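> What follows is a single structure, and I will ask about it in a moment.
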């Protein structure tokens, strides 16, 4: 997607969003994250009369405590393998800037988190999309598709697991295929693993940090945003056993002096969150997922895969344009004084011809609200002028 294309997508979304301010609409947010989970408001006493600069790599106490967290989920690293960043966003940008030169290419299965476009453009890197499809619930594309796109400028593969926006979780077999292609072409493998705790039906989230034979090729991106519902804290982590990558990240970090101190204090406290909290959150999200997927698949012409992770899914609708439909819902439609807001899937594809009959949903609201949203969507599809005929 070009810079202009990405910006125009954001502009269209903002144009649509402004309509939800209408007072006569009861907003049902089915795609914008506004988690109603309990936010952990734990801050230790910072001590002293003021807050001084911290270490550019992050407070040592926080990094050491993070090591214990990673150990608890089966990832063996040291504090020296961690670079604390200003959100997962800075970690992604650092990874792209360090591992690729301007003009280099990174392969990314699409649909993907739209902000990858912005980070790549800022780093001067070209995203080469590899299309996955809703027909097989967005499984990893065949390795032949990767091989066809690899050129001398290809330096990395970027994945998100569990995935935003599809909810797909890569299997051990799929990771083995990625490991083999990384070895064959000496590529970096960058993995956005911020949804690690959100896996369902016994599905296991495999970390790239545990792939054997490519330890020096792997960069993991992590964040506290989703795990503890602390999006506004803006704290992430870049993790790699490649000392050159960590050294380069540290030099970049020195330019912004240090990650936010109070955010690290809050995140360090959050690491003491009891396991019972995660069990409750897991069970609630699984119930919400089951609720909305079942409701959507009962609507004629609609298909929603059963996501195995995160709290998103891409939904296929019998419509002519997801962007027009999303805007029509907010401007021209209401049912029982309500409407529903959806994210057009076109913004998650780099290929301009994909996503026009797909939307992304987020099951981050109460089950009764999800059911109301599904009912509203069902009634909207009955009267939408651009509805496609289904067989």
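> Which of 278, 138 has the fewest other C-beta atoms within 10 Å, and how do the rest follow up to the most?
Working: 278 14, 138 22.
Listing 278, 138 from fewest to most nearby Cβ atoms yields 278, 138.
> Work out how much length residue 145 to residue 261 would gain on full extension: take 0.36 nm times their residue separation and subtract the Cα-Cα distance, in nm to one decimal. Show your work: numbers first, answer last.
Details: separation 116, 0.36 × 116 = 41.76 nm, distance 4.37 nm.
Working it through step by step, the gained length comes to 37.4 nm.
> Pairs of alpha-carbon atoms within less than 8 angstrom and 6+ residues apart define the contacts here; what relative contact order does the chain have, in percent? List each step's numbers first, then the result.
Values: 735 pairs, mean separation 93.9, N = 391.
Here the relative contact order equals 24 percent.
> At residue 290 and residue 251, where each label point lies 7 Å from the Cα along Cα→Cβ, what is the point-to-point distance in nanometres?
Inter-label distance under the simple model: 5.3 nm.
> Using alpha carbon centroids, what distance separates region 103-130 and region 180-200, in Å?
Result: 15 Å between the Cα centres.
> For region 133-223, what does the relative contact order come out to in percent, with C-alpha contacts under 8 Å and a separation of six or more?
Details: 112 pairs, mean separation 27.2, N = 91.
Relative contact order of region 133-223: 30 percent.
> If you don't mind, there's one more thing I want to ask. Over region 232-391, what relative contact order in percent results from Cα pairs under 8 Å that are six or more residues apart? It would help to have the intermediate numbers written out before the result.
Values: 175 pairs, mean separation 35.1, N = 160.
Reported as a whole number, the value is 22 percent.
> Out of [x] 1.61; [y] 1.05; [z] 0.99, which label holds the value of Cα Rg over 2.2 N^0.38 Å that was computed here?
Computing Cα Rg over 2.2 N^0.38 Å and matching it to [x] 1.61; [y] 1.05; [z] 0.99 gives [z].
> Indicate, rounded to the nearest 5 percent, the antiparallel portion of the DSSP beta bridges found entirely in the chain.
Working: 19 of 41 bridges.
Percentage antiparallel, nearest 5: 45.
> Divide the volume of the convex hull of the Cα atoms of region 140-278 by its number of residues and quote the answer in cubic angstrom per residue. Write down the numbers at each step before the final one.
Numbers: hull volume 19.3 nm³, N = 139.
About 139 Å³ per residue, rounded to a whole number.
> Let me ask something additional. Quickly estimate the mean residue ellipticity at 222 nm for the chain, helices only: each DSSP H run with n ≥ 4 gives -39500 (n - 2.57), and the total goes over all residues, rounded to 500. Please list the in-between numbers first.
Values: 11 runs with 145 residues, N = 391.
The helix-only estimate for the chain comes to -12000 deg cm²/dmol at 222 nm.
> Sticking with this structure for a sec: Under a plain spin-label model, where a point goes 7 Å from the Cα along Cα-to-Cβ, how far apart in nm are residue 388 and residue 79?
5.5
> Going 7 Å from the Cα of residue 101 toward and past its Cβ, which residues in region 188-207 have a backbone nitrogen under 17 Å from where you end up?
Within reach of a label on residue 101, which here means backbone N under 17 Å from a point 7 Å along Cα→Cβ, region 188-207 contributes 188.
> Going by the alpha-carbon gyration tensor, a ≥ b ≥ c the square roots of its eigenvalues, is region 226-361 rounded (a/c under 1.5) or, if a/c is not under 1.5, prolate (a/b greater than b/c) versus oblate? The partial results should precede the final answer.
Numbers: a/c = 2.39, a/b = 1.73, b/c = 1.39.
Prolate, because a/c is 1.5 or more and a/b exceeds b/c.
> Stretch residue 331-residue 282 to full length: gain in nm at 0.36 nm per residue minus the Cα-Cα span? Let's see the in-between values first.
Working: separation 49, 0.36 × 49 = 17.64 nm, distance 3.51 nm.
Here the segment from residue 331 to residue 282 would lengthen by 14.1 nm.
> Continuing with this model, one more query. Suppose R0 equals 41 Å. What FRET efficiency, 1/(1 + (r/R0)^6) with r the Cβ-Cβ distance, do residue 64 and residue 231 give to the nearest 0.05?
Values: r = 25 Å, r/R0 = 0.60.
For residue 64 and residue 231, the calculated efficiency is 0.95.
> Something else: What percent antiparallel are the DSSP beta bridges of region 159-301, to the nearest 5?
40
> Here's something else I'd like to know. On full extension of the chain, what length is gained from residue 115 through residue 173, given 0.36 nm per residue of separation minus the C-alpha to C-alpha distance?
Details: separation 58, 0.36 × 58 = 20.88 nm, distance 2.78 nm.
Full extension of this stretch gives 18.1 nm more.
> Now, a different point. Can you sort 250, 377, 296 from fewest to most other Cβ atoms within 10 Å of each residue's own Cβ? Before the final figure, lay out each step's value.
Details: 250 17, 377 26, 296 21.
Taking fewest neighbouring Cβ atoms as first place, the list is 250, 296, 377.
We did not get these values from a lab; they are worked out from the coordinates using the rules stated. As the structure is a prediction and not an experimental result, all values here were calculated from the model. Reconstructed Cβ throughout: ideal geometry from the backbone, glycine too, with neighbour counts over all protein chains shown.
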